[in-house]
Amino acid sequence: MPNPEPQFDDLYRELILDHYRRPRNRGALENATQRVEGLNPVCGDEIHLDLRIHDGVIEDIAFEGNGCSISQSSASMLTDRLKGVTTEEARRVMAKFRAMLMKGEPPDPELGDLEALEGVAQLAVRVKCALLSWNVLQEGLTEAETAA
Amino acid sequence: MLDVMRIREDFPILAQEVNGHPLVYLDNAATTQKPRQVIEALVRYYETTNANIHRGIHTLAVRATEQYEATRDAVATHIGAINASDVVFTRNTTESINLVARAWGDEHVGEGDEIVLSLMEHHSNIVPWQLLARRKGAVLRYINVTDEGELDLDHARALIGPRTKIVSVVHMSNVLGTINPVAEIAAMARAHGAVTLVDGAQSAPHLPIDVSTLGCDFFAFSAHKMLGPTGVGVLWAKPGLLEAMQPFLGGGDMISVVRPEASTWADVPHKFEAGTPNIADVIAFSAALDYLKALGMTNVREHEKQITAAAIDALMAVEGIRVHGPLDVEKRGGAVSFTVDGIHPHDISTIVDQYGVAIRAGHHCAQLLMRRLEVPATNRASFYIYNHTGEVEALIDALDHAFRIFHRAESRTAVR
């Protein structure tokens, strides 16, 4: 019996690999209002997120980090999706993204490109990679709201 | 030489498919699989012998005690120890090191004293010493690692001095496979009146060990990395050392006389085995030692040299793969760390797992070494007695799929 050829299309979608190879909004912000970072101590994945939030709007956002394609592409897509949106929308997208990965819910249209990470929900050990930048974002949003 | 195909028949777990492919288990530095003989010894113990040891008068208690103590004898023989009473059973290597950091360290290490470790230590041989240093105001020093992945002995010589109280170094690196000249390092320590602990977690399973020639004062290792069950660690101490140490944990089995205010301790090694130990797993460990003895540790080492050389050659032949650590198999064991250009170890591990290949990806509990190597993480394939070169080929084939998946993305990106 021939061995099955694993299908990675669900996990390593072209869009994920594209964001991994060509990360968007990579770097630091000069006028960041929040600088937050997160580390996954188990695997060493690392994300630094710079946010410039004024009047409840994420005016600019940038990230730096290193780690696997899932953690880095998730961060890149996060910045792409959330640049210029209100913090309220950011929280809504965050909740929908988590629901997709942690509860296996179908991707909400509001997620946009982030739906490419849907396949990660099938690999429990990799979910934390995709969520790292979002946990960092949450810290930044909370910090901004407390400061406001 | 080992008859690998014959050996594989003793390991029921290996005869399975994972994700539709034959399991290729290359994570032996994390834990090894168990032969039927060990599994049967566990079952036999519970079916015929189970009783608490060192206390009961009845037949089963005596039988269990005899088997437990017979394993201590077997461990002593396996590592060339003169006295079985210098062998303490713990839960794992980590606990063995913590025992020394507490029971020896608290007594002998004071403010300003120095503890010498190396940058290639597992966290289990770093954190217990950091805790000791914090309790006592002692200072930690780290022997550097060369670009070739070996300990910098000149640096060691410079670090180890009159203020050094203990040197604790790994015998074989769990990341690089490097075999360290621990006898030479122990001699440096001895010259300054310091003691040496050797972390043998990776060496005891793969090399013939003779503690009497290593020159160290403590030697720590775990059963589960050498065919034995989980939950059994060993600490060997040079004759006389354990007697002079205070207990680590207090409780039953480690006392002589208990009075309301104070107690006196049992003789060694029982002074260091408080409470009911992991009797079943210790006894089953003896079947693992028998198995290794029948193979011969020299043959185990020879086999691993061969397969490690094959793995290094095969990995280095692939463009974009870098092997870390010594390339000469005389200087290293079978834990082979490598990195792949442009593909993170976790992605590699996920992909090769889909082809039934189990390797480890991450920092391998050695963050100081990762920083020294300037890599966030590595892939690690680690071999044992049941691995054959066909499995090295399976790894390379699986890696090729990873290249194809990531290469596809690259070319698509280039087109845009």
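The values are calculated or read from the model by the stated rules, or taken from the named source; none is laboratory data. Keep in mind the model is a prediction, meaning the values are calculated, not measured. We place every Cβ from the backbone using ideal geometry, glycine too, and count neighbours over all the protein chains shown. SASA here: full protein model, heavy atoms, side chains in, ligands and nucleic acids out. Shrake-Rupley method; radii C 1.70, N 1.55, O 1.52, S 1.80 Å.
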note: region B:49-293, Cα-Cα separations exceeding 34 Å make up a percent value of 16 percent
Per the 1/(1 + (r/R0)^6) rule, R0 = 35 Å and r from the Cβ atoms of B:Glu17 and B:Ser212, FRET efficiency to 0.05 is 0.15
Ordering B:Trp265, B:Trp104 by the accessible surface of their heavy atoms, 1.4 Å probe, largest first, yields B:Trp265, B:Trp104
Expressed as a whole-number percentage, the relative contact order of chain A with C-alpha contacts under 8 angstrom and at least six residues apart is 27 percent
For region A:39-48, Karplus-derived ³J(HN,Hα) couplings (6.51, -1.76, 1.60; θ = phi - 60°; whole Hz; x for glycine and proline) come out as 9, 9, x, 5, 10, x, 4, 9, 9, 10
Cα convex hull volume per residue for region B:45-187, in Å³, equals 147 Å³
Accessible-area order for B:Tyr46, B:Tyr291, largest to smallest, probe 1.4 angstrom, reads B:Tyr46, B:Tyr291
Using a 1.4 Å probe on heavy atoms of the protein chains only, the accessible area for A:Met102 in Å², nearest 10, reads 120 Å²
On protein heavy atoms with a 1.4 Å probe, the accessible surface that disappears when B meets A, both sides summed and given to 100 Å², is 2200 Å²
Given a 1.4 Å probe, the accessible area of region B:269-343 per residue, as a whole number of Å², is 36 Å²
Across 20 Å bins beginning at 0, the whole-percent shares of Cα-Cα pair distances in the protein assembly as shown come to 19, 45, 31, 5, 0
Out of A:Pro107, A:Pro23, A:Pro41, a Gaussian network model of chain A with alpha-carbon springs under 10 Å gives the largest mean-square fluctuation to A:Pro41
So for R0 = 25 Å, FRET eff. of B:Arg157-B:Arg134 from the Cβ-Cβ r, to 0.05, ends up at 0.40
For the protein assembly as shown, the accessible surface attributable to carbon and sulfur atoms (probe 1.4 angstrom, ligands and nucleic acids excluded) amounts in percent to 51 percent
Out of B:Thr264, B:Thr350, B:Thr90, a Gaussian network model of chain B with alpha-carbon springs under 10 Å gives the largest mean-square fluctuation to B:Thr264
Ignoring ligands and nucleic acids, B:Glu66 exposes an accessible area, probe 1.4 Å, in Å² to the nearest 10, of 120 Å²
Descending accessible area (1.4 Å probe), largest on the left, turns A:Arg126, B:Arg36, B:Arg371, A:Arg98 into B:Arg371, B:Arg36, A:Arg98, A:Arg126
Applying the span-like rule to chain B (DSSP H, Cα extent along axis at least 27 Å, Kyte-Doolittle mean at least -0.5) gives B:59-78, B:297-316, B:389-415
Using a 1.4 Å probe on heavy atoms of the protein chains only, the accessible area for B:Met226 in Å², nearest 10, reads 0 Å²
Gyration tensor (Cα only) of region A:6-147 to equivalent ellipsoid, semi-axes in Å sorted down, yields 23, 16, 13
For B:Lys165, counting only aspartates and glutamates whose alpha-carbon sits under 14 Å away and dropping same-chain residues fewer than eight positions off, the answer is B:Asp106, B:Glu107, B:Glu111, B:Asp113, B:Glu114, B:Asp217
Karplus-derived 3J(HN,Hα) from phi for region B:261-276 (6.51 cos²θ - 1.76 cosθ + 1.60, θ = phi - 60°), whole Hz, x at Gly and Pro, runs 8, 7, 9, 10, 9, 5, 5, 6, x, 5, 3, 9, 10, 6, x, 5
Rounded to the nearest 10 degrees, the helix A:69-82 long axis (Cα) sits at an angle to the longest Cα principal axis of chain A of 40 degrees
Expressed in µm² per second, the diffusion coefficient of chain B from the Stokes-Einstein equation, with Rh the Kirkwood radius over alpha carbon pairs, at 37 °C and 0.692 mPa s, is 146 µm²/s
Distance in nm between A:Glu14 and A:Asn31 label points, each 7 Å along Cα→Cβ, equals 3.9 nm
